[in-house]
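Structure first, commentary second.
The values are calculated or read from the model by the stated rules, or taken from the named source; none is laboratory data. The shown structure was predicted, so the numbers you read here are calculated from the model rather than taken from an experiment. Glycine gets a Cβ as well: all are built from the backbone with ideal geometry, and neighbour counts include every protein chain shown. The area values use the complete protein model at the heavy-atom level, side chains included, leaving out ligands, DNA and RNA. Shrake-Rupley method; radii C 1.70, N 1.55, O 1.52, S 1.80 Å.
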Amino acid sequence: MKFRKVQISSIIAFLFWISIMLYKPTMIGAILTPVAMLFSFFIFLIYHTTFKRIHLTGSQGIIVLCILYYAYCLFLYYVRKNTVFVNYIKALLSVSLLVFVSLIVLFSDSIRTKFVRLFILALVLWSLSYVCSLPVMLATRNAYALPVFQMNMPRYEDYTLALYFPVTPGFGRISIGSFQFLRLTGLFRECGIAQLFYIWAISEAEYYFKNPKWIKRLLVLGLLFCFSTMGYVNLVIWMCAKLFLNMKNSMDKKSFRRNLLLILYLVIFVIAFANIPGIRIADKAKVSFNARFGGYMEIFELFKSNPLFGTDSFVENSSSGLFQMIYQIGLVGLILYYSIILFAFFHAQNKKRFILANLAGIITLTISQPIWDAPLLFLLWAMPYKERESISEKNSIFIRRFSKKRRDRTSYVNSV
């Protein structure tokens, strides 16, 4: 029976990974979120039936704050329009369910380790696949060479879910000189969204792998292949934050090398964006930058008319980040939303680890991408972020080397 629980923990981790790939902001999350919710509920039933326990340990406050935020948005919309906004109800149900299941299922050290490893290894796989796709793109000078699978997304008219040889998920392309390069998305809706998950994985890899050096290098490579301006900026901010949070009174050799590496990266970053046609800020500002940061003066004027609760006016291209929506939800809505993140921060055991893991996501949802309702972001906040993780290879989904000794087997089962 105990051995069966070990097997089921691996099954739950695998099913949970499948379910999160069906939530927003993945590409297929736009049409399969209801399926993802059924999947999540089914996973909860398996977990509860097998382990006969539910642990929330005060973390249910995250769910309460989610409900308060969406209740506020629903009430505000009803007062203004005299009708109920269905999308708020959908977001409330999907976010609350995923957070509830995450808080319970990921409480298990074994399940959490297996799940996070699988999530990170999927990102690594897409990075490796891009490396295999790169020679084809360079030889043909065509980013869309050798498509393996393509499917138009019903609710995203301008988006296509596409895989290129061998299994590279990409959307859009960028030209550098006479060459074209695919923009890696990792099954997410945009490369500007994929980048935050890559940075999260870079930050968390050291807690879940015994030798994370090559894992982290491949993740950085995947981040670069996203060709996301916000991703590069977030990486620099993340590096600076890590350097600051890990700063010691005395500068040792390791810290000195880290400082040099940071300075070198910043120099390369500035040179690349100042001189390379196609990815320099001047080129990207023609579309991306203006769409995300345009209209702030109009937004500010509307916000001043009712700073607490906002207005029912609408500014075109004003939904790229949560901060741009302040004129509609007001300071009350903004405070309610960020209180969810703040509570998750205080609930995390390792505060420094929480900051580094979620910094890119918070910046992205605030100013860059309309993903503040994406359930997967709430999943990242619901993680316990312990001081250390169990990284024994025996916990791996792919490596099942169980000791013949009863003592070793018993200690492993007890960690589930």
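How much area per residue is accessible in segment 1-125 when the probe is 1.4 Å and only protein heavy atoms are counted (Å²)? Can you show the working numbers first?
Details: 5280 Å² over 125 residues.
Dividing the accessible area of segment 1-125 by its residue count gives 42 Å².
Take THR311 and LEU93, extend 7 Å from each Cα along the Cα→Cβ direction, and tell me the distance between the two endpoints in nm.
That separation, rounded to one decimal, is 3.4 nm.
Suppose R0 equals 30 Å. What FRET efficiency, 1/(1 + (r/R0)^6) with r the Cβ-Cβ distance, do ILE67 and LEU134 give to the nearest 0.05? Intermediate values should be presented prior to the final figure.
Numbers: r = 46 Å, r/R0 = 1.53.
That gives a FRET efficiency of 0.05.
Once amide H atoms are built 1.01 Å from N in the peptide plane, which residues 5 or more positions from TYR159, or in another chain, come under 5 Å H to H?
The answer is MET153.
Amide H of PHE188: which non-local residues (sequence gap of 5 or more, or other chain) have their own amide H closer than 5 Å, using H built in the peptide plane?
MET27
Would you mind getting me the FRET efficiency between TYR296 and TYR156? Use the beta-carbon distance for r and R0 = 25 Å, nearest 0.05.
Values: r = 26 Å, r/R0 = 1.04.
That pair, TYR296 with TYR156, gives E of 0.45.
PHE346 to ARG388: extension gain in nm, 0.36 nm per residue of separation minus the Cα-Cα distance? Walk me through the numbers on the way to the answer.
Numbers: separation 42, 0.36 × 42 = 15.12 nm, distance 1.69 nm.
So the extension gain works out to 13.4 nm.
May I ask which of LYS52/LYS213; LYS210/LYS352; LYS52/LYS352 have a Cα-Cα span longer than 28 Å here? Please report the intermediate quantities before stating the final value.
Values: LYS52/LYS213 38 Å; LYS210/LYS352 20 Å; LYS52/LYS352 33 Å.
Among LYS52/LYS213; LYS210/LYS352; LYS52/LYS352, the Cα-Cα distance tops 28 Å for LYS52/LYS213; LYS52/LYS352.
For segment 176-250, with all protein chains present and a 1.4 Å probe, just round the carbon and sulfur fraction of the accessible area to a whole percent. Write out the running numbers ahead of the final one.
Details: 1850 of 2910 Å².
Using a 1.4 Å probe with all protein chains present, segment 176-250 comes out at 63 percent carbon and sulfur.
Which percent of the accessible area of segment 1-123 is formed by carbon and sulfur heavy atoms (probe 1.4 angstrom)?
Working: 3820 of 5180 Å².
The value for segment 1-123 is 74 percent carbon and sulfur by accessible area.
Evaluate E = 1/(1 + (r/R0)^6) for PHE165 and PHE244, where r is the Cβ-Cβ distance and R0 equals 51 Å; express this FRET efficiency to the nearest 0.05.
Values: r = 42 Å, r/R0 = 0.82.
Taking R0 as 51 Å, the efficiency between PHE165 and PHE244 is 0.75.
Could the peptides 79-88, 138-147, 194-203, 332-341 be put in order, highest first, of the mean number of other beta-carbon atoms found within 10 Å of their residues?
Final packing ranking: 194-203, 332-341, 138-147, 79-88.
Please say if segment 55-187 is rounded, prolate or oblate, where rounded means a/c under 1.5 for a ≥ b ≥ c the square roots of the C-alpha gyration tensor eigenvalues, and otherwise the choice is prolate for a/b larger than b/c and oblate otherwise? List each step's numbers first, then the result.
Numbers: a/c = 3.69, a/b = 1.63, b/c = 2.27.
In terms of gyration-tensor shape, oblate.
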